[in-house]
Amino acid sequence: MAGLLFAFAILLRGYAWPDALMVVVALAVGIVPEGLPAIISITLAIGVQRMAKRHAVVRRLPAVETLGSTSVICSDKTGTLTRNEMTARRIVVAGAEYLVEGAGYAPVGQIDVCGAAAEGAQALQADLIRAALLCNDAQLVEAADQWSVHGDPMEGALVTLAMKSGLHPETERSAWARLDEIPFDAQHRIMATLHRNPGGEAWVFVKGAPERVLEMCGTQAGDASYWHDRIEAAGGNGERVLGFATMQVDAATERLSFAGLGQGLQFLGITGLIDPPRPEAIAAIAECRSAGIAVKMITGDHAGTAGAIARQLNLTDSPQVMTGAELDGLSDDDLRKTAETISVFARTSPEHKLRLVRALQANGHVVAMTGDGVNDAPSLKQADVGIAMGHKGTEAAKEAALVVLMDDNFASIVAAVHEGRTVYDNIRKVIAWTLPTNGGVALGVVLALVLGLTLPMSSVQILWVNMMMAITLGLVLAFEPPEPGVMRRPPRPRDAPLLSRFLIWRILFVSVLFLAGTFGIFEYAMQAGRGVPAARTMVVNTLVVMEVFYLFNVRYLHMTSFSLRGAVGTPPVLAALGMVVVAQLAFTFVPFMQVLFDTAPLTIFEGSMILGIGVVVLLVLEVEK
């Protein structure tokens with residue numbers, strides 16, 4: 001455009017080429033928002049800083065804006081939606097059920113039988129508790145009368161259970177020396193250890209998902225329906241259920257293998273452990289629902305347990321549960337339909353997470369996915385925003401993720417989404433302010449050149465306005481706090497353009513307003529016989545005043561600016577306003593500035609008239625908003 005105007009000015013308007021060149025270069029500098037990339041980066045960086053204060057560390061800057069458009073959050077349950085402070089509450093063996101008192105990791109509380117116990121139940125209970133202690137890597141530590149766990153919280157709860165029953169962990173583990181182990185594996189969903197007792201006998205202990213442990217057992221006390229009912233009952237109470245089994249092997253055995261585990265295992269029973277929901281997670285889910293963000297809970301727990309926790313969290317009005325086995329039976333097309341209605345996925349594997357992310361993305365959702373293990377890396381990379389756990393997450397998960405939660409708390413995810421929406425709003429505000437103000441300057445120059453009129457501003461004055469606004473008002477919108485109700489709006493569509501119809505209209509409308517204001521004041525000054533220097537001084541001041549009032553309008557895109565909060569402004573806004581006022585007074589009244597910029601002093605009446613134009617612009621834009 002500058003090149004065409006340059007040719008037009010020389011060939012058709014008779015400008016000398018140095019004069020035409022100065023004008024079009026100033027025009028190009030004035031219209032191109034060269035500070036916009038820097039301001040957007042600063043806006044994103046401020047969002048990163050705010051998120052870090054709320055325990056969400058952003059590893060890639062663009063993730064800030066993506067978080068703001070999130071429409072589905074797929075979250076792990078344990079430790080993220082719940083406290084991750086497990087407590088064994090129930091023991092079920094053949095012929096008896098026991099309730100365990102106490103909460104947390106303090107080994108205080110009794111183990112009481114419910115009703116009458118069948119013969120041999122007490123021995124089975126003792127064997128189960130010993131298996132829970134030995135097939136276990138956690139340790140309890142007491143410091144300042146507070147008990148904490150080193151290791152998996154669920155295993156810590158089992159150590160606490162053993163101590164409540166009278167077993168001393170170190171003594172028992174020393175007497176039953178561990179010879180080999182099969183660590184817990186998400187695919188097999190069990191852990192197994194091989195021990196030699198003081199009598200020289202070799203025993204295997206197994207713990208894991210109760211259905212999986214039952215499948216592996218050759219013998220069990222009680223039939224399958226008995227155990228199925230007990231597992232369902234415990235899961236329905238919101239308890240995480242673990243199954244335990246044991247078998248004696250040849251005394252010379254020193255190695256374990258999966259192939260050898262399914263031969264002779266005896267099922268001992270189950271324990272039910274509770275991990276209450278975080279109160280802040282309940283509030284955060286309510287905030288998500290008001291913001292139109294769906295929350296999907298993904299867990300390895302039993303379906304009944306997951307459903308009970310989902311109801312406590314108020315995940316939806318009536319949470320529906322699907323297991324990993326059921327998910328395996330669905331095609332990708334069927335999963336796309338099902339993923340919209342199912343809010344809880346139980347007994348899942350990392351492969352299920354990846355399929356779920358892809359299904360939701362195929363439906364047009366922007367998906368945030370949490371993960372902590374090495375196997376979660378593919379789903380974290382596939383998700384629009386991968387979120388790794390800072391405490392329990394592996395380094396592989398953190399490397400694959402865009403965001404790391406330092407407190408492993410779901411509420412921090414929602415806080416990050418809140419900040420992401422604020423950042424996106426602020427970016428839109430920066431664009432909505434920058435482009436029309438530049439456009440108003442450009443339109444005035446273009447119109448003057450096309451019509452052969454006196455330019456309303458000289459080249460150096462155009463550069464002055466461009467420089468002053470870029471380093472003052474152009475930057476303050478990056479620091480804007482969130483608008484009220486930012487989490488009561490639905491997520492924006494995945495393909496929503498940054499320049500919406502509203503912003504395009506606003507750019508054109510404000511540019512025309514600025515054009516009318518600058519040409520109107522220029523014509524007034526010329527008709528009043530004030531001369532070109534004074535007329536241009538009035539144009540520059542009018543343009544700056546309109547940009548100031550427009551800034552107060554654009555600070556709120558979704559509500560009126562006529563409020564106490566909107567009128568007063570934030571400290572950055574007031575500081576920038578003070579700088580602009582001082583600079584414009586110097587531009588207008590200081591002698592050496594008058595020489596540099598060819599300006600002239602203005603009267604009080606002219607200054608009042610310029611302020612009045614700013615007020616009129618604000619009123620018009622508030623009505624238009």
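The values are calculated or read from the model by the stated rules, or taken from the named source; none is laboratory data. No experiment lies behind these values; they were computed from the predicted model shown. Methodologically, a virtual Cβ is constructed for each residue, glycine included, from the backbone with ideal geometry; neighbour enumeration extends over all protein chains shown. The protein model used for the area step is the full one, side chains on, heavy atoms only, and it has no ligands, DNA or RNA in it. Shrake-Rupley method; radii C 1.70, N 1.55, O 1.52, S 1.80 Å.
Quick rundown of the values:
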item	result
Probe 1.4 Å, accessible area per residue of region 312-450, Å²	33 Å²
Order by protection proxy (mean Cβ within 10 Å, highest first), peptides 257-267, 141-151, 552-562	552-562, 257-267, 141-151
Using θ = phi - 60° and Karplus 6.51 cos²θ - 1.76 cosθ + 1.60, couplings along region 288-299 (whole Hz; Gly, Pro as x)	4, 5, 5, 8, x, 9, 7, 10, 10, 9, 10, 8
Extension gain, VAL450 back to ASP328 (0.36 nm per residue minus Cα-Cα distance, nm)	37.1 nm
Within the chain, helix-based [θ] at 222 nm, where runs of 4 or more DSSP H residues each add -39,500 (n - 2.57), nearest 500	-16500 deg cm²/dmol
Angle between the chain longest axis and helix 153-164 axis [Cα atoms, degrees, rounded to 10]	40 degrees
For region 613-623, Karplus couplings with θ = phi - 60° (6.51, -1.76, 1.60), whole Hz, Gly/Pro x	4, x, 5, 4, 4, 4, 4, 4, 6, 5, 5
Pair GLN139, PHE258: separation of 7 Å Cα→Cβ label points (nm)	3.1 nm
Region 471-625 - convex hull of the alpha-carbon atoms, volume per residue in Å³	130 Å³
Solution diffusion estimate, µm²/s, Stokes-Einstein, region 296-448, Kirkwood Rh from C-alpha pairs, 37 °C, viscosity 0.692 mPa s	186 µm²/s
Region 12-17 - phi-based ³J(HN,Hα) in whole Hz, Karplus 6.51/-1.76/1.60, Gly and Pro as x	10, 10, x, 5, 5, 4
Gyration tensor (Cα) of region 217-288, equivalent ellipsoid semi-axes in angstrom	36, 17, 9
Spacing of the two label points (7 Å from each Cα toward its C-beta) at ALA283 and SER608, in nm	5.2 nm
Probe 1.4 Å, protein heavy atoms only - accessible area per residue of region 205-310 in square angstrom	36 Å²
Debye-sum result for region 484-575 in log10 I(q)/I(0), which assumes one identical scatterer on each alpha carbon, at q = 0.11, 0.18, 0.19 Å⁻¹	-0.50, -0.97, -1.02
Estimated FRET transfer efficiency (ARG336, PHE502; beta-carbon r; R0 45 Å; 0.05)	0.90
Largest-first ellipsoid semi-axes for region 436-533, taking √(5λ) over the Cα gyration tensor eigenvalues, angstrom	35, 16, 12
Inverse of mean 1/r across different Cα pairs in region 111-241, Kirkwood, Å	16.3 Å
Dimensionless Rg/Rh of region 165-230 - Kirkwood Rh, Rg from C-alpha atoms	1.04
Trypsin sites (Lys or Arg not before Pro) restricted to DSSP loop in region 467-507 with at most 16 other C-beta within 10 Å	ARG494
Accessible area of the chain belonging to carbon and sulfur atoms, whole % at 1.4 Å probe	61 percent
Cα-based helix-to-principal-axis angle, 332-341 vs the chain, degrees rounded to 10	80 degrees
Descending semi-axes in Å of region 368-450, equivalent ellipsoid built from Cα gyration tensor	44, 14, 8
Relative pair counts by distance (%), Cα atoms of region 1-159, 10 Å bins	8, 19, 15, 13, 12, 9, 5, 6, 7, 4, 2, 0
Whole-Å distance, taken between Cα centres, linking region 106-165 and region 181-236	16 Å
Expected-Rg normalisation [2.2 N^0.38 Å, Cα atoms] applied to the chain	1.36
Cut-off under 5 Å, modelled amide H: who pairs with PHE244 long-range	LEU268, GLY269
Quotient of C-alpha Rg and 2.2 N^0.38 Å, computed over region 287-382	1.01
Where only C-alpha atoms are counted, convex hull volume of region 358-400 per residue in Å³	50 Å³
Listed pairs LYS296/LYS429; LYS337/LYS392; LYS53/LYS392; LYS207/LYS398; LYS353/LYS398; LYS164/LYS353 exceeding 27 Å between Cα atoms	LYS296/LYS429; LYS337/LYS392; LYS207/LYS398; LYS164/LYS353
